[in-house]
Amino acid sequence: MTEVRALLAGTGVCVAPVEVTNDMLARVVDTSDQWIRERSGIRTRYFVEPGVGSSDLGVEAARAALDDAGIEAAEVDYLVCATMTPDHYFPGSGTLIQAKLGLPPIPALDLRQQCAGFAYGLQTVDALIRSGLARTVLLVGCDVHSSLIPWDELTWRALYDPEVKIDQARREWNLRFRHLVVLFGDAAGAMVFRAHRADDGRGILASRLYGDGDNKDILFVPGVGSAKRPWVDAAMLERGDSVPHMDGRAVFKLAVTRMPETTRRVLADRGYGVEDLDLLIMHQANLRINEAAQKQLGLPDEKVHNNIQKYGNTTSATLPLAFHEARQEGKAPEGALVAFTALGAGLHYGTVLMRM
Ligand code: UT7
């Protein structure tokens, strides 16, 4: 019997509209363009206007991906949404996107694997299509990270208006989160997949994904959850416990080892080596991480695509956003072997392999 695989049919993205430069951040946080560029490679990131949720970006990316694929929304029979910043505590953004697309009730699954969310989404799409449960799957990764930044109204105004100044108390509060706010941005990316007879070897080929709760503490949100009663209160907000706590160095070290490790592993699963890879799309958390991972794998520059310089870390949107650009630049033609790798809070990490 011929195997069925998930073949990519289209991609789309939606980036938040408001550009925020490193110099703008330096108005409200003790940082500098030089520090941010040297440590992370980031030059700009984009934030939404207040009131725009991750599903709003997600639905735009989804529409663009459907257009690109030439597929009517009504043909989608399964929706998978990865986000760590859902519009609401519950439900997730999946059914919000389904409704905004005007789709009838279909299965709408939410994944919350943070920066590895889209990679888990690819594995889920592979399983849904190969099992015959779905034939046309829409996968969306969307995050509005700016919603997690605990700044008050005046700080937000000062970010955008150089005439507005903030006092020392605000600067001290903002300092506590500077290692986070310099890194993240808001965006969404989407892919549409179709069931495809795999005789030509195309489609999602394999995945190696891992969850490692022993490393949960290096990146997590301590408050706002069922481990607390009530799950949110004023004291929690005053402590900054609604904001992710991150041991940046620890995350950095694990990312530079585990992304290359799982990439080699998934390639080997299919009898390939690194030399067979045409394109590696890595999670965009820090350009230095990706440069180190690329070096470990011995990949030339033309086989890697980074865009963190422009967008920052957009969490579950990084993989589709980077891939969309790479594809537009002709780096992923039909038949190309592409790997998607990511590591993020959980920890969740791993690599998915796809033949275009
Ligand atoms: O998607 C997964 C999510 N996260 C990641 O992948 C993060 C991975 N880690 C990183 O990207 C890096 O660890 C960071 C960019 C977050 C930080 O870079 P680092 O080289 O590890 O810096 P550090 O935290 O060790 O801090 C070095 C110095 C410290 O000052 P002292 O103690 O040497 O005086 C920090 O206080 O830099 C200071 N610092 C800053 N200075 C200016 C930390 N953040 C900033 C900042 N601007 N934004």
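The values are calculated or read from the model by the stated rules, or taken from the named source; none is laboratory data. Remember, it's a predicted structure, so these values are computed and weren't measured experimentally. In this analysis, Cβ positions are derived from the backbone assuming ideal geometry, glycine residues included, and neighbour counts consider all displayed protein chains. Just the protein is used for accessible areas: all its heavy atoms, side chains included, with ligands, DNA and RNA removed. Shrake-Rupley method; radii C 1.70, N 1.55, O 1.52, S 1.80 Å.
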Checklist entry - touching a residue at least 60 places away in the same chain (Cβ under 8 Å), within 16 Å of the ligand (Cβ to nearest atom) and open to solvent by 20 Å² or more (accessible area, probe 1.4 Å), is that true of Gly346? => result yes
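Is it the case, given these coordinates, that Thr2 is assigned to a loop (DSSP other than H, G, I, E, B), surrounded by fewer than 14 Cβ atoms within 10 Å (Cβ to Cβ) and not charged (D, E, K, R)? Steps first, answer last, please.
Values: assigned to a loop (DSSP other than H, G, I, E, B): yes; surrounded by fewer than 14 Cβ atoms within 10 Å (Cβ to Cβ): yes; not charged (D, E, K, R): yes.
The answer is yes for Thr2.
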Next on the checklist: Between a residue in segment 219-245 that is in contact (Cβ under 8 Å) with a residue 60 or more places away in the chain and within 20 Å of Gln113 (Cβ to Cβ) and any residue that is assigned to a strand (DSSP E or B) and open to solvent by less than 50 Å² (accessible area, probe 1.4 Å), which pairs come within a Cβ distance under 6 Å, given they are 6 or more apart or on different chains?
Outcome noted: Leu219/Met246
Checklist entry - Considering segment 222-239 alone, what residues qualify as being open to solvent by less than 60 Å² (accessible area, probe 1.4 Å) and under 26 Å from Tyr349 (Cβ atoms)? => result Pro222, Gly223, Val224, Gly225
Checklist entry - Out of segment 69-105, which residues are under 22 Å from Gly346 (Cβ atoms) and assigned to a loop (DSSP other than H, G, I, E, B)? => result Thr83, Met84, Thr85, Pro86, Asp87, His88, Tyr89, Phe90, Pro91, Gly92
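So how many residues does segment 229-246 have that are away from the ligand (no atom under 16 Å from the Cβ) and either within 16 Å of Trp173 (Cβ to Cβ) or of a type in the set (Phe, Trp, Tyr) (or both)?
Looking only at segment 229-246, we keep the residues that are away from the ligand (no atom under 16 Å from the Cβ), and these are 229-239, 241-242.
Going one step further and asking which of them are either within 16 Å of Trp173 (Cβ to Cβ) or of a type in the set (Phe, Trp, Tyr) (or both), we end up with 231, 234-239, 241-242.
Counting residues in segment 229-246 that are away from the ligand (no atom under 16 Å from the Cβ) and either within 16 Å of Trp173 (Cβ to Cβ) or of a type in the set (Phe, Trp, Tyr) (or both) gives 9.
For the structure I just gave you, tell me whether Arg249 is in a helix (DSSP H, G or I), within 11 Å of the ligand (Cβ to nearest atom), open to solvent by 40 Å² or more (accessible area, probe 1.4 Å) and not assigned by TED's automatic domain parsing to the domain that holds Leu183. Can you show your working first?
Working: in a helix (DSSP H, G or I): yes; within 11 Å of the ligand (Cβ to nearest atom): yes; open to solvent by 40 Å² or more (accessible area, probe 1.4 Å): yes; not assigned by TED's automatic domain parsing to the domain that holds Leu183: yes.
Judged against the criteria, Arg249 is a match.
Which one of these is at pLDDT below 95, open to solvent by 20 Å² or more (accessible area, probe 1.4 Å), more than 16 Å from the ligand (Cβ to nearest atom) and in a helix (DSSP H, G or I): Asp199, Asp214? Lay out the reasoning, then the answer.
Numbers: Asp214 fails: at pLDDT below 95.
Only one candidate qualifies: Asp199.
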Next on the checklist: Being of a type in the set (A, V, I, L, M, F, W, C), open to solvent by 10 Å² or more (accessible area, probe 1.4 Å) and in contact with a strand residue (DSSP E or B) (Cβ under 7 Å, 6 or more places away or on another chain): is that true of Val125 here?
Outcome noted: no
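Yes/no per residue for (1) assigned by TED's automatic domain parsing to the domain that holds Ala332; (2) open to solvent by 20 Å² or more (accessible area, probe 1.4 Å); (3) touching a residue at least 40 places away in the same chain (Cβ under 8 Å):
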{"position": "Ser146", "(1), (2), (3)": "no, no, yes"}
{"position": "Asp152", "(1), (2), (3)": "no, yes, no"}
{"position": "Ala169", "(1), (2), (3)": "no, yes, no"}
{"position": "Val192", "(1), (2), (3)": "no, no, yes"}
{"position": "Ala195", "(1), (2), (3)": "no, yes, yes"}
